[in-house]
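The structure under discussion appears below in the form of structure tokens.
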Amino acid sequence: MSTSMRMEMYPEKLQNIIDLFDHLPEVERRETLVAYSDSAPKQEPREGEQFDLEDVRKDEECADKVGVYLQVDDDNRAHLRMTLGPEVQTLTRAMTSILCKGLDGATPQEILAMPQDFVTRIVGAELVRVRSQTTYYVLTRIKGICKVYLDRQRARQVA
């Protein structure tokens, strides 16, 4: 796939993160994932923030409760925040940071339409194989909240 075509598949901020990971040797990839994991608390809701949707729950495939918070601004740009329970694994924490940063400012439609093949490019094939549910969990939750948001918007327009 050509670079220009690939660039259109992902929001620019996420593409920049993918490009960073594409060039990292395995040891540095894992160190960078740990660094992103350590920054997960920075993705939590801040005092006074208002959200269009909040989805906080513990799913079977996750070790603890995860909260996904979506705010869509007047320009139809999504802003995501997430909360993670203390038992959430390092890889899930890393993907939380990566996706909150990488998808910030994308539209809910762009997030929903985005293929998930980039996860392997960030995490590495070995970790995806070993922890497949974990690596896609956060993306699935983010896409889910965007779908609910868009469904509600459509329902309001019809009403």
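Taking strands (runs of 3 or more DSSP E) as the structural unit, those lying wholly within the stretch 37-146 and holding at least 2 residues that are within 22 Å of TYR10 (Cα to Cα) and modelled with pLDDT of 95 or more correspond to 66-72, 78-84. Tallying residues that are surrounded by 15 or more Cβ atoms within 10 Å (Cβ to Cβ) and free of Cβ contacts under 8 Å to residues at least 60 places away in the same chain within the stretch 141-159 yields 2. Among residues of the stretch 83-137 being under 18 Å from ALA35 (Cβ atoms) and among the polar types (S, T, N, Q), the one that is surrounded by the most Cβ atoms within 10 Å (Cβ to Cβ) is THR96. Taken together, the residues in the stretch 33-59 that are within 22 Å of MET114 (Cβ to Cβ) and more than 16 Å from the chain's Cα centre (by Cα) amount to 3. Among the charged types (D, E, K, R), surrounded by fewer than 17 Cβ atoms within 10 Å (Cβ to Cβ) and at pLDDT 95 or above, is that true of ASP22? The answer is no for ASP22. One residue stands out in the stretch 18-29 among those that are in a helix (DSSP H, G or I) and without any contact (Cβ under 8 Å) to a residue 24 or more places away in the chain: the one that is nearest to PHE118 (Cα to Cα), namely ASP19.
Would you mind stating whether THR83 is under 20 Å from ARG131 (Cβ atoms) and under 17 Å from the mean Cα position of the chain (by Cα)? Here the answer is no, as THR83 does not meet what is asked.
The values are calculated or read from the model by the stated rules, or taken from the named source; none is laboratory data. Small disclaimer: the values here were computed from a predicted structure and weren't measured. For neighbour counting, all protein chains shown are included, and Cβ atoms are generated from backbone atoms with ideal geometry for every residue, glycine included.
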